[in-house]
Every structure is written in C-alpha cells, then in structure tokens.
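Readers should treat all values here as calculations from the given coordinates under stated rules, not as data from a laboratory. What you see is a predicted model; the values in this text were computed from it and never measured. Cβ coordinates were reconstructed from backbone atoms using ideal geometry, including for glycine residues, and neighbour counts include every protein chain displayed.
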Amino acid sequence: MLNPTKPFFSIPSFLRALIQIGKSFFVTSSSAFTFPCQLNRLADLEIDLLKNAEIGGVILDLDNTIVSEDDRYISPGAEAWIKQAKLQGFQFFILSNGKREYRAKAWSNHLDIPIINPARKPFPFAFRQALKSMQLQPKQVVVIGDSRHTDILGAWLVGCPSIQVATLPHPFRWWEKLFGKRVQTPYPCGHELWDNDFFCEV
Ligand SMILES: [Mg+2]
C-alpha cells in the first residue's frame, strides 16, 4: 500500500534505477557471445573463446586498459597476449581519447597496432573508421576497454560486442573520485601488477 506521507517517486531512486538499467544494458551487451563481458585484465581472456565466437578483430583502449595513463603500470601479460592473438590472425586497432598525441603514437609503434587519437569515444566515427580499416562487420570485432561511458557505450552504439576490464591504478581526476566507480571497475587490491619499462620520449 502506498504511504501518503512518502512521495511515490523520488529523484535519487529514479537516478538509481537509471544507473541500474544502464549498467545491466551496457555490461551485458555481449551476453549473447561465449566470452565474458567483464574481466580483471586483457590477458585473462582466452583467445580461443574469441575464435569460437567468430571474432576476427579487436579494438583496444590504451589508457588504463593496456598501460596506466601515468605510464607507471602495464597490464600484466598484455603485450604477450596481443602478440599471441596476432599470430592467430586477429587484427587490432587502438582507439584512444588520450590528450598526448606523441605518447599515443609511441604506444602504437611499440605495439605495432594502428591507432586513432583522439578517438572521441563514445562517438561512433572512430569505431566505424577502425571497422572499415579492418574490413570486418561490427559483430566480428570485440571492443576491450576499462570505461563504460566511452569504450562500452561506443561499442554498443556501433553494434560491437564489448569486454570491460578493471581500470589500472592511476592518479584519479576529480570526476573519477566522484563517479569513477559508476563507470569503471577498480583494479583488485593485491592483484598482480607490472611496472612499465617502456617510456615515451618527447
Ligand atoms: Mg581507458
């Protein structure tokens, strides 16, 4: 029975409901596929699962997915995973919203993967450009990144399946301190973490 002293509808409950709907929508966007939609790190993904799902390409985020944006940490096993996936015939593309173009280019050269920077995710233009370059359909390309509001939303907008990884530790911006946990999954405490030894010279 409704309590007449309490409003039937409140703004916080509405916002909570919206966040829940958004979360379930974007996080389970790849539920039709046989690979997980959330992982701690890239190297936890079994390449065979992508093969079985007839995936031929991977669009990667750079910052806090492969390397922390302050260049302190690298995702454990990520480089070896990329090399292995390339050997098995997967195509790669990096879409980065990073503001330091020289750094994005250096990582693109280091990993030998083409990049679009700034990619202005979640807008679909760069995703479409990457799909065109790989000559693959959206359902054949998985987007892997740490942020729901850029990587996962962008993937959904173009019809690609997506996998969200935990965000590598990095200095948090003001908005990440306030809303970070809504859009990113913190890297688990005590989980293996590698120091990055590839630094970009200006
Ligand atoms: Mg990122």
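Worth a mention:
- Net charge dipole size for region 41-159 [Lys, Arg +1 and Asp, Glu -1 on Cβ; Debye, nearest 20]: 420 debye
- Charge tally around Ser96: other residues with Cβ under 11 Å, Lys/Arg +1 each, Asp/Glu -1 each, net +1.
- Greater than 27 Å apart at Cα, pairs in Lys86/Lys121; Lys132/Lys177; Lys99/Lys132; Lys99/Lys139; Lys99/Lys181: Lys132/Lys177; Lys99/Lys139
- Residue (of Thr150, Thr185, Ala106) at the positive-pole extreme of region 37-195, dipole from beta-carbon charges: Thr150
- Sorted peptide list for 155-162, 192-199, 181-188, criterion being average Cβ within 10 angstrom, highest first: 155-162, 181-188, 192-199
- Altogether, the Stokes-Einstein calculation at 4 °C and 1.567 mPa s, with the Kirkwood radius of region 98-137 over Cα pairs as Rh, returns a diffusion coefficient of 119 µm²/s.
- Residue separation of Arg173 and Ala80 scaled by 0.36 nm, minus their Cα-Cα distance, works out to 30.5 nm of gained length.
- Spherically averaged projected area of region 115-164 from its Cα convex hull (nm²): 2.9 nm²
- Among Ile59, Trp175, Leu45 the positive-end extreme of the charge dipole of region 37-195 (Cβ point charges): Trp175
- Semi-axis lengths, Å, region 37-195, gyration tensor of Cα atoms, sqrt of 5 times eigenvalues: 22, 17, 16
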